[in-house]
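**Q** Dumping the structure here so I can ask a few things about it.
Every number here is computed from the coordinates shown, using simple stated rules; none is lab data. All values reported here derive from a predicted model rather than from experimental measurement. Positions of Cβ are backbone-derived with ideal geometry, glycine not excepted, and every protein chain shown enters the neighbour counts.
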Amino acid sequence: MPQVSMTVNGKPATGEIEGRTLLVEFLRESLHLTGTHVGCDTSQCGACVVHVDGRDVKACTIFAAECEGAEVTTIEGMAADDGTLNKVQQAFQDHHGLQCGFCTPGMVMTAAALLEKNPNPSEEEIRSYLQGNICRCTGYHNIVKAIMAAAGQDTSKIAAE
Amino acid sequence: MYAFDFERPKTLADAVKAMTDEDAVALSGGQTLIPSLKQRLAMPSKLVSLTGIDEIKGICVDDDGRVCIGAATIHADVAAQEYYPALAALASNVGDPAVRNRGTIGGSLANNDPSACYPAAALGSGAVIRTDKREIAADDYFTGMFETALEEGEIITEIKFPVPETAAYMKFEQPASRFALVGVFVAKYADGVRVAVTGASNEGVFRWSEAEAALGSDFSAGALDGLKLDGSNMISDVHGSGDYRAHIAKVMTKRAVEKAG
Amino acid sequence: MPKDGGIGDATKRREDVRFLSGTGNYTDDINVAGQAYVHFLRSDVAHGKITGLDTAAAEGMPGVLRIFTGKDFEGVGGIPCGWQVTDKHGEPMQEPAHPVLAQGKVRHVGDPIAAVVAETREQARDAAEAIEVDIEDLPAVMDMKAALEDGAPKVHDDLSSNLCFDWGFVEDNKAATDAAFESAAHVTTLELVNQRLVANPMEPRVAVGAYNRAGDDYTLYTTSQNPHVIRLLMGAFVLGIPEHKLTVIAPDVGGGFGSKIYHYAEEAFVTFAAKAMNRPVKWTSSRSEAFISDAQGRDHVTKIELALDAENNFTALRTETYANMGAYLSTFAPCVPTYLHGTLMAGNYKTPNIYVNVKAVFTNTVPVDAYRGAGRPEATYQIERVIDKAARELKVDPIALRRQNFITEFPYATPVAVEYDTGDYVATMDKLEEIADVKGFAARRAESEKNGKLRGFGVNCYIEACGIAPSALVGALGARAGLYDAATVRVNATGSISVMVGAHSHGQGHETAFPQVVAEMLGIDPGMIDIVHGDTSKIPFGMGTYGSRSLAVCGSAMVRATEKIINKAKKIAAHLMEASEADIEFKDGQFSVAGTDKSVAWGDVTLAAYVPHNYPLEEIEPGLEETAFYDPANFTYPSGAYACEVEVDPETGKVTVERFAAADDFGNIINPMIVDGQVHGGIGQGIGQALLEQCVYDESGQLLTGSYMDYAMPRADDVPFYAVDHSCQTPCTHNPLGVKGCGEAGAIGSPPSVVNAVIDALQSGGHTVTHIDMPVSPSRVWQAMQG
């Protein structure tokens, strides 16, 4: 069985894979990093979003073999070593941007990628960037708000406040 | 997924060789292929990944002023180029951000999904599709829904886009997939106007010749007023009838003309 | 009372830390040593007779451990239905068998025929493809009205027809209602469809069964909203496993919205197979499989008529509804179109005569059961659409017509057998008009028109019945279970507390909100209190989380148990301070003797309970742990008023929601941040129903919307920010917290206002359209505009 080696959350990771092994399967089953979730099989829900070489991608739609030598960051790699949440994670907690938590890892990874590219996105840009991430719990209100807050924007004037 | 061998060549030559295996399938960004493999809709013996081949990536302008895009260039990079703004705008709205970071222009054109955006740009720009074997004019390339002029094992290497005086793409999204329910690419060249419609037809992407003629003499939305597409050969599904798609195609054409200015 | 973290505090959720750092523990994250994997071979036709089933070739495939078919389950019970409805003639509903694996016939696309257990997932799937199945196609029963015609093909050969029941409610109202229509000054009639939806929690279902031969006991890990209900149904009715030999664990669950209430065949299968093979067996649903195996929602076809007198007072309401049950009766399916729908048909209005008829029909489709709101969205949609239509016909203001007919005195006994304890519908409408900025609408419409868009404003009210109860009543109405709940408060020696609750949290934030209640009652830091849920071996009993019941029912049990704790602790404190129990006061975590400066702290008392050196052993037992069961006296009745503003693109028919406002009365609020979030989520789903979502089968029973490629889930750019308010509070009168429930309101209260707004927009543009069925998609709007 072929081997694959990559760096996951800053640590080297090597494992046996099949040609058909998806990155998400390698992460969840070989590395036991179960924070990356699978919510659909048509590449639309975004629960599996991780960063590969600095880009946000759907771990369910990329083969592990394609990630040979890549730098992969998952939700488990976002907080500080002592467990302190990063600013996106903290904003999600502060603004109740999650309920059941299942879509949350993908949302956080996507939001972090957006803010990396566009540190001060508008509401419209945030909503547009979340096209590939489905949440069934929040109606998106607090997710969008959390991302605005993570960008340092004043969210106190948002409807209902 | 069925089991298959996986190969990730570094050169085009190696990829071409790998593709000679029976039932070998080329894998580019995989954003459509991988979901269909999950549904077991395909049973390749081998996947030949094109993502490690640097020679078919990247964007440049050739001596004729054409924008040349390597087939394995991801949508995000096409969206970021500034040589052909209408094409960049189209690419920036394909799929979603994560899809745009994996999916490639070559992969999209090879698949020729009837609702994909790139076929409209290629046909609407009169692009040339270069493969490991030959060059194919867009007018000869798209041969029907999921059908192209590509032969078994043939690999797209580059797409050459003549840059128009002005152009625009308008996409009316299917609400679930976010593919084009109807998408229209309008491009005005010195020698005429091209209008390509995706998402609408059972035959895949097509040129709307009546609109091209009308816009050729008067490049304004009003020039389209008397025209009507026939809905009877359009896709009809839960998201809209053929007549609806025909109507939307006209509305999107007008809006594309207005946007192109 | 604690300054922070008590009742009314917007405490941030403690569970978020694990979800945000990727350390949640969902069922698919659980792997039991030695587990095998099952793949279900499912029917690809809607209706057919299995004439041949040959597993021989598949059995020889790599990794295959065993293949199960219907034969293996001949001696096993079927999947039970938890509610028996009695029809209008006093006869019980028709109740078909629901085998774990198909017995001779398949009745919907997705019906499981065989189950392959193998060493890996892919091996199981490979082998399932090698099973040879011969199915003789039978005509698919799809249209509900056609299904009831004489000679229609039958979904179940052993039933007399496809009619599950024909229900009248209240049957005694029928004559008076008909008479009121005879004498009405105006009658508005509306025929509408409340389309079939798929719940789509983001986590697909998963089940892992394990069996321990040494103890003859079983463990089922499953994605459930109510593990005890699964234990009861599966243990008692399907597999015959006594409770003490069966543990059901529902760990972190990624949303439910109703679809994870029910007991499913896959759960019974993995538990059964674990023993049969003496190996743990795991099943993980794909999203595609979820579309053909999760119970679906709604699917009502209704004709509703509203009678008004010359002064526009509502005098009668009459409905006829066809409710799709699908191919089998899911756990609570019969109760949804009946007691969760008919009882709500008074809405917020003092309509004196109401008669509801519901015909429940079997079809060759996936079973239908409760989806967020369950029956109440269907009721609300009918009422609020027909009122809007009446207002347009009578050329009166839709808000004024509603206000004129509001119930204003409480308690109010409706003609449909329920009694609203409290409410203030005028107050929520006043608040709505304020937060929706009704006054500014005209200017916003003018602005939209300048941009070539039509703008519409739509409003609706809703009433909801939550915390379905009491058990004696629901038993009389056909429930085969009680609908109480339970909690155990376990105070440890150092004063920390574990509260074991029967409710299950899968997004609702119980782990944060429930401790706020106990902290408030005891005057201690909520950080000293943890909630334990989701494991039948750790908690007393519980009916789970659905129907916006958790706080109103289970929270009340928790309050009762905490009261018992306080009572016992006061006895211990009295002993420690050598005072009379009657003189003990308890405040801010301190026990004191009235009129003295003597006091002992919470921790002193809890330590004494576990180290009873100085303890009234002759009067009370050591330890400090109390359990309470709570069976409510009535439903709770949250209510509210919602408003939606849309823009319609007249060229394409595309509708965009520009503004949305919700004014709710949930009674008392424990955590306003969580309540806001529940309303937001419900509105998101309601907008989804109104504009995007639909589950569509073709005539042969094939599902046309079987993935997110065709089933349109609402995305972030489909919705705006929502203005929500819950400052109108009329506390529930019959539970100790005065709470009403907020989980479903958003989904119940939002679809009518969206559709009302679209009709308003179109009529403002000169179109004569009076109704468009949901989802109000661009093509439907365009079609309607063509006249």
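**Q** Binning at 20 angstrom from zero up to the longest distance, how are the C-alpha pair distances of chain C distributed in percent?
**A** Spelled out bin by bin, chain C gives 16, 47, 31, 7, 0 percent.
**Q** What shape does region B:73-188 have by the C-alpha gyration tensor, where a ≥ b ≥ c are the square roots of the eigenvalues, rounded means a/c under 1.5, and otherwise prolate means a/b greater than b/c and oblate the rest?
**A** Rounded, since a/c falls under 1.5.
**Q** Projected onto the charge dipole of the protein assembly as shown (+1 at Lys/Arg Cβ, -1 at Asp/Glu Cβ, origin at the Cα centre), which of B:Val257, C:Ser160, A:His96 gives the Cα projection farthest towards the positive end?
**A** A:His96
**Q** With θ set to phi - 60° and the Karplus curve 6.51 cos²θ - 1.76 cosθ + 1.60, what are the ³J(HN,Hα) couplings of region B:57-62 in order, to the nearest whole Hz, using x for Gly and Pro?
**A** Taking θ as phi minus 60°, the curve returns 10, x, 10, 8, 10, 8 Hz for region B:57-62.
**Q** In region A:1-43, whose amide N lies under 18 Å from the spot 7 Å out along Cα-to-Cβ of A:Glu71? List them in ranges.
**A** A:5-14
**Q** Apply 1/(1 + (r/R0)^6) to the Cβ-Cβ distance of C:Asp137 and C:Asn278, taking R0 = 41 Å, and write down the FRET efficiency to the nearest 0.05.
**A** E between C:Asp137 and C:Asn278, to the nearest 0.05, is 0.60.
**Q** Take B:Glu55 and C:His771, extend 7 Å from each Cα along the Cα→Cβ direction, and tell me the distance between the two endpoints in nm.
**A** Output for this residue pair reads 6.7 nm.
**Q** Suppose every Lys and Arg Cβ carries +1 and every Asp and Glu Cβ carries -1, with no other charges. What dipole size does the protein assembly as shown come out with about its Cα centre, to the nearest 20 debye?
**A** Roughly 680 debye, rounded to the nearest 20.
**Q** Follow-up question, since we're still on this one. Suppose R0 equals 45 Å; then what is the FRET efficiency for C:Val532 and B:Ser236 from their Cβ-Cβ distance, rounded to the nearest 0.05?
**A** So the FRET efficiency works out to roughly 0.25.
**Q** Which one of B:Ala246, C:Ser779, A:Cys40 has its Cα pushed farthest toward the positive end of the charge dipole of the protein assembly as shown, where Lys and Arg give +1 and Asp and Glu give -1 at the Cβ?
**A** Selected residue: C:Ser779.
**Q** What are the ³J(HN,Hα) couplings of region B:243-256, residue after residue, when phi is run through the Karplus curve with 6.51, -1.76, 1.60 and θ = phi - 60°? Round to Hz, x for glycine and proline.
**A** 5, 5, 4, 4, 5, 5, 4, 5, 4, 5, 4, 4, 5, 5
**Q** Using θ = phi - 60° and the Karplus curve 6.51 cos²θ - 1.76 cosθ + 1.60, what whole-Hz ³J(HN,Hα) does each residue of region C:148-165 get, with Gly and Pro shown as x?
**A** For region C:148-165, the Karplus curve yields 8, 6, 4, x, 5, x, 9, 5, 10, 4, 8, 9, 6, 6, 8, 7, 6, 6 Hz.
**Q** Taking amide H positions as placed in the peptide plane 1.01 Å from N, state which residues far from C:Ala712 in sequence (5 or more) or on other chains have amide H under 5 Å from it.
**A** The answer is C:Gln694.
**Q** While we're looking at this one, here's another question. Given springs between every Cα pair under 10 Å in a Gaussian network model of chain B, which of B:Gly29, B:Gly144, B:Gly106 has the largest fluctuation?
**A** Its mean-square fluctuation being the largest, the pick is B:Gly144.
**Q** While we're on this one: Counting only residues 5 or more places away or on other chains, whose amide H sits under 5 Å from the amide H of A:Ala47 once H atoms are built in the peptide plane?
**A** Distant-sequence amide H within range of A:Ala47: A:Gly39, A:Ile134.
**Q** Under 19 Å Cα-Cα from C:Lys570, which lysines qualify once same-chain neighbours fewer than 8 residues away are excluded?
**A** C:Lys587, C:Lys598
**Q** May I ask for the equivalent-ellipsoid semi-axes of the protein assembly as shown, computed as the square root of five times each C-alpha gyration tensor eigenvalue and listed largest first in whole Å?
**A** Square roots of five times the eigenvalues give 49, 37, 32 Å.
**Q** Treating cross-link reach as a plain straight distance, find the aspartates and glutamates whose alpha-carbon is under 12 Å from the alpha-carbon of B:Lys133, omitting any fewer than eight places away in the same chain.
**A** B:Glu151, B:Glu152, B:Glu154, B:Glu158
**Q** Cα atoms only: what Rg and Dmax, in Å, come out for region B:5-161?
**A** 14.5, 44
**Q** Additional query: Apply 1/(1 + (r/R0)^6) to the Cβ-Cβ distance of C:Glu171 and C:Arg213, taking R0 = 60 Å, and write down the FRET efficiency to the nearest 0.05.
**A** Step by step, r from the Cβ atoms, then E = 0.65.
**Q** With contacts defined as alpha carbon pairs under 8 Å and 6 or more residues apart, what's the relative contact order of chain B in percent?
**A** Relative contact order here is 15 percent.
**Q** Specify which residue in the list C:Thr177, B:Pro175, A:Thr110 is farthest towards the positive end of the charge dipole of the protein assembly as shown, using unit charges on the beta carbon of Lys, Arg (+1) and Asp, Glu (-1), about the Cα centre.
**A** Sorting the options by dipole projection puts first C:Thr177.
**Q** Let me ask something else about it. Show me the GluC sites (Glu not before Pro) within region C:353-440 that DSSP assigns to loop and that have at most 14 other Cβ atoms within 10 Å of their Cβ.
**A** C:Glu409
**Q** Right, here's the next one. Straight-line reach from C:Lys303: which lysines fall under 30 Å, measuring Cα to Cα and dropping same-chain residues less than 8 apart?
**A** Result set, ordered by chain and number: C:Lys88, C:Lys145, C:Lys154, C:Lys174, C:Lys350, C:Lys359, C:Lys389, C:Lys395, C:Lys654.
**Q** What do you get for Rg/Rh of region C:307-446 when both radii come from the Cα atoms and Rh is the Kirkwood radius?
**A** Across region C:307-446, the Cα-based Rg/Rh ratio is 1.03.
**Q** When the dipole is taken about the Cα centre of chain C, and only Lys, Arg (+1) and Asp, Glu (-1) are charged at their Cβ, what size is it in debye, to the nearest 20?
**A** 380 debye
**Q** Something else now. Measuring from centroid to centroid over Cα atoms, what is the spacing of region B:55-120 and region C:676-729 in Å?
**A** Here the two parts' Cα centres lie 32 Å apart.
**Q** So what's the convex hull volume per residue for the Cα atoms of chain A, in Å³?
**A** In chain A, the Cα hull volume divided by residue count equals 105 Å³.
**Q** Under 5 Å between amide hydrogens, which residues at least 5 positions from C:Asp217 or on another chain qualify, with H placed 1.01 Å from N in the peptide plane?
**A** It is C:Asn212, by chain and number.
**Q** Please state the relative contact order of region C:677-787 as a whole percent: Cα pairs under 8 Å, 6+ residues apart?
**A** This gives 38 percent for region C:677-787.
**Q** Next question, about the same structure. My understanding is that a pair violates if its Cα-Cα distance is over 24 Å; which of A:Lys11/B:Lys46; A:Lys87/A:Lys145; A:Lys58/B:Lys259 do that in this structure?
**A** A:Lys11/B:Lys46; A:Lys58/B:Lys259
**Q** Shifting gears a bit: Tell me, what is the percent relative contact order of region A:87-150, built from C-alpha pairs under 8 Å that lie six or more residues apart?
**A** It rounds to 57 percent for region A:87-150.
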